[in-house]
1. If you place +1 on the Cβ of every Lys and Arg and -1 on the Cβ of every Asp and Glu, how big does the dipole about the Cα centre of the chain come out, in debye to the nearest 20?
2. Pairs of Cα atoms under 8 Å, at least six residues apart: use those to get the relative contact order of the range 127-194, whole percent.
3. Show me the ranking of peptides 320-328, 302-310, 53-61, 220-228 by mean Cβ neighbours inside 10 Å, starting with the highest.
4. Quick one: if you take sqrt(5λ) for each eigenvalue of the C-alpha gyration tensor of the range 209-376, what semi-axes come out, biggest first, whole angstrom?
5. At a 10 Å Cβ-Cβ cut-off, how would you order 311, 256, fewest neighbours first?
6. Ordered by residue, what ³J(HN,Hα) values in Hz, to whole numbers, does the range 77-86 give under the Karplus form 6.51 cos²θ - 1.76 cosθ + 1.60, where θ = phi - 60° and Gly and Pro are x?
7. Find how many whole Å separate the alpha carbon centroid of the range 188-242 from the alpha carbon centroid of the range 350-400.
8. Taking neighbour Cβ counts within 10 Å as the exposure measure, how do 398, 245 sort from fewest upward?
Amino acid sequence: MWHVIHRRSVLTREPNELRIIRLVRDSRALSRIEIARATNLHKATVTDLVAKLIHAGFLEDTGQLEARNRVGRRRVLLRFLPMAGLVAGLDIRMTYAAVAITDLNARIILEDSFGYSPGASADEVLSRAAATIKTLLKAAKMSQSKLVGIGIGVQGIIDYSTNTLVLSYNKRSWQGESLSARLEREFNVPVYVENDVKTMALGEYLLGAAKGTKDFVHLWVGEGVGAGIMINGQLLHGITSSAGEIGYNLLEVSSVYRERFPLMFRDQEMFGQILTDANFIESYRRKAPGNAGDDITVMVIAQRARLGDPVAQQVIEEFVSLLSILCITMVNTLNPEIIVIGGRLAQSFPGIAEMLQVKIHGDLLTPPAEAVRVRCAVHGETGVILGAAGLVLYELFEPIPRESVRSARRQSVSKSREGVLS
């Protein structure tokens, strides 16, 4: 049956089997007649396809009957079985990688991580990732044949046609390397590679704060600041795949920033230099050196702010004001429905969502500012790995766009897989 699922990438119209799977998956439980109405397929066709999907393990009869809201015989409901297939998600960081095996609803079954030196090659790290995937599958007592795809989140700019890392400041030696070739050879499944912030945005779209929202922006603050942008249910990549690199936006005249942000501003030139966890912590240390200590973290500062520490409250206020400048630019440019804030401060101090909402609502361009809602990201440290799994699920279950940055890759790997399964 998987050759049917993967065939979607080489067809103008996706297979009816996949339409039915997605419909039942999204609806949780449906009867055959409801499927026929929703898909405009003949009842006999639906009955035949459903029988095949039940035999293949994707659907099952629940034994429950639909609610009686009309005249006629009540029909048995069907439900989707997420364990019909497995997905591997990889979160590749500077010196470690996290690996998870999920079901087709992105529920993590098993996960593990491993460290490596900053100078480790791409081949070395991906080889260890492949071994970890196999170990997790074995530990879960799952056949490798159930693996349907692998998603990877990594810092940098990606060439999606080859999954090559084009530019990455913490993986410079990996630039020009394909991050999918080895894994596709070993597992014979599609491998999708995405920028880490865009991956987190996809995770929030499928499973988090922006679920069901077609137009939103995910702003993430950590080593710098970046944005994942979703437009009409699709990630915005841009002509060079660098959409959302807002950390390179320049700050205004330095004298203005010295007055407005006395703690956080120290002659930085770009937002990506001032809106960082490291600068946030250092800004607090500078004003409260006697109270700081060596164990100060973003979480500690957030806790002290809640307990009334005026320096902690001031540095959070400055942080929010700086972030609101980027938010207002996004609102006026993209007119999103939701802005999702991610990073350690959003996790530790959820009140920043309301603070940002107030500042955005004070913008001069009233209608879009009043319409947007600000939320903190649902997924913290697991955001990238869930989003990486989501890359596979998005390609499998979302309606096919006419064109996609990954169209060529889907077709290439799908044809290869069909040859093996035929």
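What follows draws every value from the coordinates through simple rules; no lab data is involved. All values reported here derive from a predicted model rather than from experimental measurement. For neighbour counting, all protein chains shown are included, and Cβ atoms are generated from backbone atoms with ideal geometry for every residue, glycine included.
1. Numbers: 49 positive and 44 negative charges, 410 e Å.
Computed about the Cα centre, the dipole is about 1960 debye.
2. Working: 81 pairs, mean separation 23.0, N = 68.
Normalised by residue count, the contact order of the range 127-194 is 34 percent.
3. On the way: 320-328: 20.7, 302-310: 15.3, 53-61: 17.0, 220-228: 23.7.
Highest to lowest by the protection proxy: 220-228, 320-328, 53-61, 302-310.
4. Details: eigenvalues 148, 58, 47 Å².
Semi-axes (√(5λ), whole Å): 27, 17, 15.
5. Working: 311 19, 256 11.
Sorted ascending by nearby Cβ count, the order is 256, 311.
6. With coefficients 6.51, -1.76 and 1.60, one gets 8, 10, 9, 7, 9, x, 7, 5, x, 10 Hz.
7. After rounding, the separation between the Cα centres reads 10 Å.
8. On the way: 398 15, 245 19.
With the sparsest Cβ surroundings first, the list reads 398, 245.
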